Structures are given as C-alpha cells and as structure tokens.
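The values are calculated or read from the model by the stated rules, or taken from the named source; none is laboratory data. Quick caveat: nothing in here was measured; it's all calculated off a predicted structure. Glycine gets a Cβ as well: all are built from the backbone with ideal geometry, and neighbour counts include every protein chain shown. Heads up: the accessible areas ignore ligands, DNA and RNA and are worked out on the full protein's heavy atoms, side chains in. Shrake-Rupley method; radii C 1.70, N 1.55, O 1.52, S 1.80 Å.
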Amino acid sequence: MPKPKVAHFLFPTCSSLFAAGEVGEQQAGDGLDKLDLPGLQASMQGRMQHWGEHMQKHPKDALKVASVAMAAMVTGTVVKNPMVKRQCFFWFRAFPVYLHYRWTEAVMKARGLDQEEQNLVWDRLHNQHANHMLAMVKQLKGYYVKICQFSSSRLDILPHIWIDRFTTLQDDVPPKPGHEIIRIVESSYGRPIEEIFEFFDADRPLGSASIGQCHLAKLKVGREGGREEGREGGRSGNSGGRRGPRGSGQLVAVKIQYPEAESCFNSDMTTLRRFAEVGSRGGVDGRLDGDGIAQPAYVKMLDEVRRQFMSEFDYRRESMHQDAIRIGLSKAGFGKAVTVPRPLLDLCTKEVLVMEYIPGVKLTDMVRSRPSGAPQQKAGFWARTLGAYYNKRYARYLVDTVVRVHGHQILKMGVFNGDPHPGNILLMPSGRIGLIDYGQIKSLKQAQRKSMARMIIALADGKKEEVIDLFVKMGFRSKRMDADVINAVATLYFDRDDSEFIGKGVNLQVYFENLQKKDPFLAMPEDFVMCARVAVFMRGLGTFLDYPISIAKAWRPLAVEVLKEKDITGLLA
C-alpha cells in the first residue's frame, strides 16, 4: 500500500474551510468563538465536494490554506486573548476568500476564457463572498473599516458588487448602544453626563466609524464654547454651527472613542502586514513566490500608515489640529466655501471631542440617494444641485474646492488631514462644504513641502526624467530601478490613474501588482505616503462625481507659490 502524502489529509480540511467561508455569513457576525460548528458541517456538504475536487488537482493550495486557515481556526477557538482571537478570526474568514480569487484568476487564464466568460465567473465570485466579508468587517470594525472606506471611495479599484456593500461603511458602522456611550463619557469626565450636557442623544448617533461614534448634544446653560479668537476665526470659523433657543446651551457634536479602539487597530495593522507578506521570500527584495500570493508592495506603506494612524487615539491632539487647520483655512480665504467645526478645547479629553454642530448631509448619502433626492430636507442648496436634479457644474465646483483645500493644507500649510474620504464631507444647507474628522493629521517639514512642490510641477509638465529623479530622492527604490516603473508609481502616488494612463478596462489594483512583478519595490517614500493617500482620495472623489482630475495639474499653481516663498515656516512643522 503506497504511503499517503501529507496533502491527502489536507483536502477535507481545505474544502471545509472554503465551504465555511461560503455559508458562514450569518454566524460571522457573532464572532469565531460563537460559530455553530455542527450547523456549519450540515450546510457545507455540497460545497465540500466542489472544493475537494479542486484541492485534489491543486495540492499546493491545500498546503497553504490548511497551514494558515486551519491554524487560525484552532488557535482562535482555544486561546482567550481577545486580540489573538481577533487575528485568528480574520485569517479564518479572509484568507480562503483571497486564495479563492487568486486560484480563479489562474484557472481562467489557463483555460483561455474570453472577457464575457470571465465577467460571469467574477460576478458569481463577488456575489458569493462580498456579503461574508462585509459581515466580517462589521463584526471586527477597527482598521478593516478604514480599508473598506478607502476602497469603496474608488469606483475603479473594487467591483461594483463590493462597492455597493462597502459604501455603507463610509458612515454606517454598527454603533455601540447608548448606555455604553454614556458610561465612556462619564468615565472620561469623571462626573455625571448631566453636569455637562442639558441634552445628549445617546440612542441615535449622528454617525459611527472605525474607532468611535458621534452624537448630538446640547451644553448646559453657561457652558457654551468661547468666542472666536481674534479676527482670524470670524464668521467662517463657526457659521455652520447653531445655537438652541434663547436661554439654552449650544448645540454640539460629541465624538466618543471606543475603549478597545487603539488595541484593535494595533492588532489589525499587525495582521494585515503579515497577510501582505504571506508567501513572499527573500524579505526585503519583495519577491513573490511561484503562486503569487503575497502583496509585499504594500508592506512599507502599511508601516507608515500604522505610524500615522496610531496617533489618532488622543482626541485632545486631534482637537488642537482641527482648530489649527480651521484657523489656517480661514486666513487663506476659504471661509466662504468650507466650514471646519470649531472644537471646544476645554471640553475635550483623550476619549471625548466636543465641537460645534454643523448641519448637513454626507456626500455619500447625497450621491447614494440619486435620483430620488431623499435627503433634500437637510441638504438645501446641494439637494437641488447634486440630488434629484444632478448638475455636473456644481459637482465640478465641489471637487475643485475640496481638491484645492487639501492641496493648500499639504503644500502651503504643511499640515493636513490624511483621511478625507467622502463620508467626512458634509453638504451644508447654506451651500458650504463641511470638512470633518481630523484624527489623521500629518505634518511636513519645509524641505518635504518643497520636494512635493517640485514633484507636482514635474508631473503636471510631463517631465519624466525629473519625476524619476525626484521620486528616487524622496526614497523610492526598486530591484532593477526600471525608469518606466518608477515614473508609473510616482504618477499613481501624486497625479492620476485614469484609463488613459493605466489602460482602458485595466483594474488599478492589478496594474499596481503588475508594476511590482516587473520591478519589485524595495523601499517606498514613507514620509509622503499620507500625501499619496490624500491624492488617491481626491481622485476617488472626482470619479465618485463623474469628474476625473489630474492632481498635479490642480495643485501646480500652489506648488509654484511654494517654491517662490523664501521662508516656509508651515503651521505645525
């Protein structure tokens, strides 16, 4: 009798794991420790046969999936550390889905399917997995929500099926119950909530996100925030907010941070870094193994994003940054176009941020409601221009304004919001644009701002050799230092990614991976990762509103001004 191969014992395991990934959507919402394994087994029989046949033909897949996903399932079931269980739950749910996509891609290529046949296969796969992954993200929250917010803001990265699911996470993450929120607020202040707020709407959050949620409240009489400081604030600083009836306190928005948010984010970033490294070999050279499982190109970017995001968990710091940007934009003359809510610094703690309330509808809600124009009663001006009666001219105004504001923050002020996704953009009844959420603040030194300015001008003017030289000076390194790859990555970072550049019908993610395969990245310009993140969000906003843009051309006038200045002190540099 021939000696059985190790892989033979793994076929049932892998087929079970894949099947569990397909039928466990409802149970995913309860967490790994509450999975109904007997129920899963009963519902997986049909899918196990399908996956068993595949694993017999592809034993390498069996080894990889079993060694990672099975270990995750067993470890997550045994250990009690909540962060370890969290990591295991992610691997158990996400890795089989990821490998399923990779395997499907390879099989279709081997079979030579035409585009129409491939689209049918992909649609079946998307419908099969999108709901499961959304359920997983809603359960885990944390940094996974940030990824979904970013991805769903770009219509050219994810398939429409995934975007339809993940767009709900822009501002509709499952919130914590009101009694828990009150407990967090009272613990942070060290006194009953009634001593601070005349009214606190604990049961109906204004919005919920990855690290916390926001609630409407009214300060007790005499607790209103102070007057605008000097002339720089003026009407532009707080005109979006409003006070209650005469004799009552000020209406405010109160952001509350979840107690577990920081530890969850730290755990998630570790998990995603390891996920990106799976299957890679050689470490620093970023090469892929034979089956192309790894995503080493994202490791360096994840490291910089991690450093930046781990500073998000002190609302006192965020409130000061928000106030600095508010004043800076007002001084620059943006007060008539945009509103940044004024924080009430004396009421901000590490876990609680109190700011003036500005009314409006989130951009995601407005665009999502077309053509019904459902939120018209709150959006006023914007309901008539971007709602049921969509006007492209106002869409362009919105995009141009937001892009110019963020370009000014990066190039002129030297301090900027690194997380300007559409869920953080409010359309106010007055016609102004509300910009909220300043947890992801990044500052640039004078030399860095000048480097950015030179890069923007070179990209806008199409000077390829200069772009390559500047990007290398910024810190980019690749194995072969291929000029075309360097220029392409720099363009993706700071300028454009439209079909004219990456090719018609080409997915941005696939294009980026192909660059990595052609010339593996060794080092990324880490100090400028957040600048690139803003540029990608801005381009996504343009795509979102059917107005593609070149960031370099939009920011070129600002870059020219920066290089003319003799002394660029910046705001926080």
Can we say residue 127 is in a helix (DSSP H, G or I) and more than 30 Å from residue 208 (Cα to Cα)?
no
Only one of (1) under 17 Å from residue 534 (Cβ atoms); (2) in contact with a Phe, Trp or Tyr (Cβ under 9 Å, 6 or more places away or on another chain) does not apply to residue 477, and that is (1)
Take the residues of segment 433-460 that are in a loop (DSSP other than H, G, I, E, B) and under 24 Å from the mean Cα position of the chain (by Cα): which is surrounded by the most Cβ atoms within 10 Å (Cβ to Cβ)?
438
Selected residue (criterion: modelled with the highest pLDDT) from residues of segment 517-573 that are closer than 22 Å to residue 445 by Cα and acidic (Asp, Glu):
561
Considering (1) over 30 Å from residue 363 (Cβ atoms); (2) assigned to a loop (DSSP other than H, G, I, E, B); (3) not aromatic (Phe, Trp, Tyr), say which one residue 546 fails and leave the rest.
(1)
Just the residues that are at pLDDT 95 or above and over 18 Å from residue 524 (Cα atoms), please, taken from segment 460-505.
460, 461, 462, 463, 464, 465
Within segment 194-220, the residues that are open to solvent by less than 30 Å² (accessible area, probe 1.4 Å) and modelled with pLDDT under 90 are 207, 208, 210, 211, 212
Residues that are polar (S, T, N, Q) and open to solvent by 60 Å² or more (accessible area, probe 1.4 Å), drawn from segment 461-508:
499
Condition first: within 30 Å of residue 317 (Cβ to Cβ) and of a type in the set (Asp, Glu). Can you find one or more residues in segment 491-501 that meet it?
no
